[in-house]
Amino acid sequence: MAWNEPGGNSNNQDPWGGRRGGDRKGPPDLDEAFRKLQDSLNGLFGSGKKRSGDDRGGRSGGFGLLGIGLALLAVVWLYSAVYVVDEQEQAVVLRFGKYYETVGPGLNFYFPPIDRRFQENVTRERAYSKQGQMLTEDENIVEVPLTVQYKISNLQDFVLNVDQPEVSLQHATESALRHVVGSTEMDQVLTEGRELMASEIKERLQRFLDTYRTGITVTQVNVQSAAAPREVQEAFDDVIRAREDEQRAKNQAEAYANGVVPEARGQAQRIIEDANGYRDEVIARAEGEADRFSKLLAEYRKAPEVTRQRLYLETMQEVFSNTNKVLVTGKEGQSNLLYLPLDKMIDSRGAGSGPAAPAASTSASGSDLGSRVSSDMQQRNLRSRESR
C-alpha cells in the first residue's frame with residue numbers, strides 16, 4: 001500500500017522516516033541527509049568521530065566529499081602518469097607542445113596534461129604494398145606490384161616533422177616507382193630488370209624520405225613479377241614466347257660455336273706447327289747442303305779433276321736410277337744413237353711373277369744397268385784421254 005493512500009498506519013508515515021502529524025512536519029532536511037552519508041563514508045575510511053550540531057556536520061561532510069574527489073583524481077592522474085617503455089620501443093615526450101625528451105626502455109613518469117607522450121616500436125619492420133598500371137619508357141602500359149619494408153629510425157622526426165609519415169611514405173613510393181618504371185623499357189620491366197628497378201626505387205625513395213625528414217628507413221623493396229594488362233595479355237605472351245625462342249636460338253648458336261671454334265683453333269695450331277717443322281727441315285737441309293758444298297769445295301781445290309769426275313758420275317747415277325729409258329751414243333765420229341726400251345724389256349721379263357716381283361726386279365735391273373753404263377763411260381773417257 002502506498003504511503004499517501006488513506007487508511008492504515010501508513011497515513012502517518014513518510015518515506016524519510018518521520019510521521020505526519022508527529023514530531024516533524026514538511027519536506028525532509030537535506031543537511032541531515034548529507035550528514036548521514038558523510039557518517040557512513042567516514043565509517044568506511046576509518047574516521048568515525050561524531051559531530052555535534054547540524055551546521056558543523058554539514059561543513060565537515062562537504063569537505064570530506066571534496067577530499068575524496070581529490071584523492072580519486074590523484075589516483076587516476078598517477079595511474080596515467082606512470083608508463084612502461086618496452087625493450088623494442090621508444091617514447092617522445094612533449095611539454096607544453098614542445099619537444100622535451102626521448103625516453104628509452106624502462107619505467108618512466110610524465111605530467112599529463114602538461115606533457116604529451118608518443119610511444120612507438122622502433123625495431124619492428126613494417127610493410128607496405130603498392131600496385132598500379134604505369135607507362136614505360138617505350139610507351140607501354142604494365143602493372144607493377146611491389147612491397148616496401150621499412151622501420152622507424154628516428155622517432156622524434158617520425159612524430160614531429162610530418163603529420164602522417166606513413167601516408168607520406170605511400171606517396172613517395174608511388175612517385176619513385178613511376179619515375180623508375182617511366183625511364184625503363186617494357187622488356188626490362190617484364191624480364192630481368194626487376195632487381196635493378198628495386199635498387200633504384202629504394203635509393204630514390206630513401207632520398208625522398210630523408211628530404212621530408214620522416215624518420216623512416218627503407219630496409220627492402222621487392223618488385224614482384226610485373227605483367228601486362230589483361231586486355232593485351234595474349235599479345236604480351238606471344239612476345240615473351242618469341243623472346244624465349246630467340247634466346248634458345250642464341251644458346252644453340254653459342255653451343256655450336258663453342259664446339260667449332262676450338263676445333264678450328266686446333267687445326268690452325270697444327271698447320272702452324274707443320275709449317276714450323278717444314279721451315280726447320282728446309283733450313284736444316286740447306287745448312288747441310290751448304291756444309292757439304294764447303295767440304296766438297298775443299299776437296300775440289302786439292303784434286304779438281306778427280307772431284308769433277310766423281311761429281312759427274314754421281315750425278316749420272318742419280319739420274320739413271322730414276323728413269324727407265326737409256327740413250328747410248330756411238331763412237332767418236334758416229335752420229336748413231338741406240339735407244340734401249342728398258343721398261344718394256346723389264347715388263348716382259350717379269351710378267352709371270354707376282355705383284356711384288358716387278359718392282360724389285362725393276363729396281364735391281366735399273367741399278368745394275370746404271371753401274372754398267374757408268375763403268376763403260378769411264379772406260380771410254382780413259383781411252384779418249386790416252387789417245388790424246
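The convex hull around the C-alpha trace of region 125-227, projected and averaged over every direction, spans 5.7 square nanometres. At an R0 of 56 angstrom, the distance between the Cβ atoms of ASP274 and GLU299 translates into a FRET efficiency of 0.90.
Counting neighbouring beta carbons within 10 Å and listing from fewest to most, the residues THR123, THR173, THR184, THR219 come out as THR123, THR219, THR184, THR173. Between GLN164 and LEU313, the contour length at 0.36 nm per residue exceeds the Cα-Cα span by 41.9 nm.
Under 19 Å from a label point set 7 Å out along the Cα-to-Cβ vector of HIS171, the amide N atoms of region 211-225 belong to 211-218.
Computed about the Cα centre, the dipole magnitude for region 135-187 is approximately 380 debye when only Lys and Arg (+1) and Asp and Glu (-1) carry charge, each at its Cβ. Taking the Cα centroid of region 254-314 and of region 103-155, what is the distance between the two, rounded to the nearest whole Å? Taking the Cα centre of each part, region 254-314 and region 103-155 sit 85 Å apart. Rounded to 0.05, the FRET efficiency of the GLU287 and VAL261 pair, given R0 = 25 Å and the Cβ-Cβ distance, is 0.05. Multiplying the residue separation of GLU192 and VAL122 by 0.36 nm and subtracting their alpha-carbon distance yields 21.8 nm.
All of the numbers you see were taken from the coordinates with simple rules; none came from a lab. As the structure is a computational prediction, the values presented were derived from the model and not from experiment. Cβ: placed from backbone, ideal geometry, glycine included. Neighbour counts: every protein chain shown.
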